[in-house]
Amino acid sequence: MVRWGTSKLALIGLLTLTTAVGSVVGARGFGNAASADPVPLQALPIQGQETYQLIHRGGPFPYEKDGSVFGNRERALPGQKRGYYREYTVKTPGASNRGARRIVCGGAATTPEVCYYTADHYDTFRRIAP
């Protein structure tokens, strides 16, 4: 016969484990894009605003990799079929390379359904509110 005290401890342990796992997944997974407040387009750095406008005009883009498929391997964005997301470089003044800033858009190339901004090379994303 299981005693109430043992069952209660087991339930508390299970709830603690579930909370801990959820926190880890939320910190690295899709939770970071869904839970963050959208960022208004006007709040992006001017280079981000320019890149966003270029995306909607279809280019031309200054970097060869702009428009390439973003694999979403870390599942930081909502799950979609491969090829749905494309990434674009947001120029970083003074950087000798592409820097860490990107815009990742999902949907059609010049009429994306949604775009996200990352300033930290895909660690966190915020949905862009035009």
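Observations
- Ranked by how many other beta carbons lie within 10 Å on average, peptides 74-87, 115-128 from highest: 115-128, 74-87
- Taking 11 Å as the cut-off, the amide N atoms of the stretch 75-115 that come nearer than this to a point 7 Å along the Cα-to-beta-carbon line of Val69 belong to 81-86.
- Per residue solvent-accessible surface (Å²) - the stretch 39-108, probe of 1.4 Å: 57
The values are calculated or read from the model by the stated rules, or taken from the named source; none is laboratory data. Predicted model only: the values in this text are computed from it and were never measured. All Cβ positions, even for glycine, are placed from backbone atoms using ideal geometry, and neighbour counts span all protein chains on display. For the accessible areas, the whole protein counts, side chains as well, though only heavy atoms, and no ligand, DNA or RNA atoms are used. Shrake-Rupley method; radii C 1.70, N 1.55, O 1.52, S 1.80 Å.
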